[in-house]
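Notes follow once the structure below has been shown.
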Amino acid sequence: MSEPAAEPRGRRQLPQQVRANLFGAVLDAMTDGVMVVDDRMRLVVSNRALRDTLVLPPTCLGQPLAQLVDHDGLLRAFTEVLAGSGPRQIEWTHKAFVTRLLDIAVVPLPDHDYWGHRALGVVRDVTDRRQTERMQLEFIANASHELRTPVASILGWAETLVDAPPKDPRKLGAVHTTIHRQAKRLHTLLDQLLDVSQLDGERWNLATDAVDLAAVCHAQVTAQREAAEAAGLSVTVAVPEALPSVLCDRQALDLVVGNLLQNAIKYTPTGGRVELRAESVAEPGGRAVRLAVADSGIGIAEEHQPRIFERFYRVDKGRARHVGGAGLGLAIVAGLVRRMGGALQVHSAVGKGSTFLVTLPVG
Ligand SMILES: Nc1ncnc2c1ncn2[C@@H]1O[C@H](COP(=O)(O)OP(=O)(O)O)[C@@H](O)[C@H]1O
Ligand SMILES: [Mg+2]
């Protein structure tokens, strides 16, 4: 039987200096700020994240905390913890070059003969997390608000049908039509919310197939012919048959073209024109296909143009409500185009019309 090999000495016991260097390297690699304060309220340990976040000078070690930070809550937390209280948690809106929201936990460190009584502060930057939380709440509030209108309408008219159905067949027909229209609006809205959430969570795995853009354009125009005719618009497709196939997800491209066409129809007054054009273009990354969805409609003022791709953003809420949109269509289009490796642009002038350009890689 052989003896187990002895562990090399050096591995068990690192020399003092090496240990100190390792300790410093570990602290500096951390993304949270770390600070240790002694019983005379001096800063005795700091890491890089702390100095960056609180904008402290490299010479901060050994200095009184009160001279380094201007925040009563933080100073009080350290004083109390050093006086024997339990851990403390504070929030600090720190204003330097940028404003950051900091979440700081202060805890006592075990007493030691050598260094006495100390407290540790861990500083976490929660700005981005709070921003995400705020955006999620805002999204839920917007979505609920949009859902409320059709639901209230359907409920109200359904109650009328139950309690006192109109005797006049024309009035009765109008109630049925309203319920049907609001139910369709609800359906569209739920579909869009699902699309947004799937796009956002990257749960939507987009295929990269060779897709015939001309076929997609013709299919969408056919699907929306009735709406275009009802609005008194002429819709033309000028997509050369010889165009190379685009490399993308067919269903996603249907949604992109469908949404842009629907907007062009919705926001163009009677007698206007809508055109779908496509051409092959040379991009820095290789050849691409550019689709233009152009209308002679109401146009979009310059100050609104960067914002129309945001969720729930509508230039004219009153008008958009009338035509039934929640402001999600372009957010979905933008998300899909980005995920397909393409680019999206808008050119528009109020009263003249708008052109949305979608550039997609070819197969
Ligand atoms: N072709 C267009 N012409 C004029 N305005 C448009 C056009 N397309 C989009 N918009 C504006 O951008 C907003 C956002 O569009 P979208 O996200 O599709 O929402 P929705 O169509 O549901 O209102 C619209 O409410 C409208 O104000
Ligand atoms: Mg739309």
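The values are calculated or read from the model by the stated rules, or taken from the named source; none is laboratory data. Only a predicted model underlies this, so the values are computations on that prediction, with no experimental measurement involved. Heads up, the Cβs are rebuilt from the backbone with ideal geometry, glycines too, and the neighbour counts pull from every protein chain shown. The accessibility values were calculated without ligands, DNA or RNA, using every heavy atom of the protein model including side chains. Shrake-Rupley method; radii C 1.70, N 1.55, O 1.52, S 1.80 Å.
Tell me, which helices (runs of 4 or more DSSP H) lie completely within the range 213-288 with 3 or more residues that are charged (D, E, K, R) and more than 16 Å from ligand 1 (Cβ to nearest atom)?
225-230
Go through the range 121-150 and count every residue that is β-branched (Val, Ile, Thr), out of contact with any strand residue (DSSP E or B) (no Cβ under 9 Å at 6 or more places or on another chain) and surrounded by 14 or more Cβ atoms within 10 Å (Cβ to Cβ).
Qualifying residue count for the region: 1.
How many of the residues making up the range 205-219 are open to solvent by less than 30 Å² (accessible area, probe 1.4 Å) and under 17 Å from Val333 (Cβ atoms)?
Total satisfying the criteria: 4.
Given the conditions (1) over 28 Å from the mean Cα position of the chain (by Cα); (2) assigned to a helix (DSSP H, G or I); (3) away from ligand 1 (no atom under 16 Å from the Cβ), report the number of the one that Arg181 does not fulfil.
Among (1) over 28 Å from the mean Cα position of the chain (by Cα); (2) assigned to a helix (DSSP H, G or I); (3) away from ligand 1 (no atom under 16 Å from the Cβ), Arg181 violates only (3).
For the range 299-316, indicate whether the set of residues that are of a type outside the set (Val, Ile, Thr), within 14 Å of ligand 2 (Cβ to nearest atom), out of contact with any Phe, Trp or Tyr (no Cβ under 9 Å at 6 or more places or on another chain) and farther than 22 Å from Arg185 by Cα is non-empty.
Checked the range 299-316: no residue is of a type outside the set (Val, Ile, Thr), within 14 Å of ligand 2 (Cβ to nearest atom), out of contact with any Phe, Trp or Tyr (no Cβ under 9 Å at 6 or more places or on another chain) and farther than 22 Å from Arg185 by Cα.
How many residues, within the range 50-79, are aliphatic (A, V, I, L, M), more than 37 Å from the chain's Cα centre (by Cα) and open to solvent by 30 Å² or more (accessible area, probe 1.4 Å)?
Here the count works out to 2.
Tell me yes or no: at least one residue of the range 123-141 is in contact (Cβ under 8 Å) with a residue 60 or more places away in the chain, among the hydrophobic types (A, V, I, L, M, F, W, C) and not in a loop (DSSP other than H, G, I, E, B).
Restricting attention to the range 123-141, the residues satisfying the condition of being in contact (Cβ under 8 Å) with a residue 60 or more places away in the chain are 123-125, 139.
Those still in the list that are among the hydrophobic types (A, V, I, L, M, F, W, C) too: 123, 139.
From the residues that got through so far, the ones that are not in a loop (DSSP other than H, G, I, E, B) too are 123, 139.
Yes, there is a match, as at least one residue in the range 123-141 is in contact (Cβ under 8 Å) with a residue 60 or more places away in the chain, among the hydrophobic types (A, V, I, L, M, F, W, C) and not in a loop (DSSP other than H, G, I, E, B).
I need the full set of residues from the range 229-262 which are within 15 Å of ligand 2 (Cβ to nearest atom) and out of contact with any Phe, Trp or Tyr (no Cβ under 8 Å at 6 or more places or on another chain), in order please. Walk me through it before giving the result.
First pass over the range 229-262, keeping only residues within 15 Å of ligand 2 (Cβ to nearest atom): 231, 254-262.
The answer is Ala231, Asp254, Leu255, Val256, Val257, Gly258, Asn259, Leu261, Gln262.
Filter the range 80-98 for residues that are surrounded by fewer than 17 Cβ atoms within 10 Å (Cβ to Cβ) and part of a helix (DSSP H, G or I) and give the result.
The answer is Glu80, and nothing else.
Going by the structure shown, is Ile300 surrounded by 19 or more Cβ atoms within 10 Å (Cβ to Cβ), in a helix (DSSP H, G or I) and outside the structural domain of Gln182 (by TED's automatic domain parsing)?
Considered against the rule, which asks whether it is surrounded by 19 or more Cβ atoms within 10 Å (Cβ to Cβ), in a helix (DSSP H, G or I) and outside the structural domain of Gln182 (by TED's automatic domain parsing), Ile300 comes out as no.
Condition check ((1) crowded, with 19+ Cβ neighbours inside 10 Å; (2) in contact with a Pro (Cβ under 7 Å, 6 or more places away or on another chain); (3) over 27 Å from Asp191 (Cα atoms); (4) aliphatic (A, V, I, L, M)) across all residues:
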site: Val256; (1), (2), (3), (4): yes, no, no, yes
site: Ala264; (1), (2), (3), (4): yes, no, no, yes
site: Tyr267; (1), (2), (3), (4): yes, no, no, no
site: Val274; (1), (2), (3), (4): yes, no, no, yes
site: Ala282; (1), (2), (3), (4): no, no, yes, yes
site: Asp295; (1), (2), (3), (4): yes, no, no, no
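It is to be established whether one or more residues within the range 326-339 are within 12 Å of ligand 1 (Cβ to nearest atom) and surrounded by fewer than 17 Cβ atoms within 10 Å (Cβ to Cβ).
Scanning the range 326-339, I find no residue that is within 12 Å of ligand 1 (Cβ to nearest atom) and surrounded by fewer than 17 Cβ atoms within 10 Å (Cβ to Cβ), so the answer is no.
Are any residues in the range 105-120 part of a strand (DSSP E or B) and either loosely packed, with under 15 Cβ neighbours inside 10 Å or among the polar types (S, T, N, Q) (or both), and if so, which ones?
Within the range 105-120, Val107, His112, Gly116 meet the criteria.
What is the number of the single condition among (1) open to solvent by 70 Å² or more (accessible area, probe 1.4 Å); (2) under 30 Å from Val55 (Cα atoms) that Pro169 does not meet?
Result: Pro169 passes all but (2).
Kindly provide the set of residues from the range 266-292 that are hydrophobic (A, V, I, L, M, F, W, C) and touching an Asp or Glu at 6+ places or on another chain (Cβ under 8 Å), ordered by number.
Hits for the range 266-292 are Val274, Val289, Ala292.
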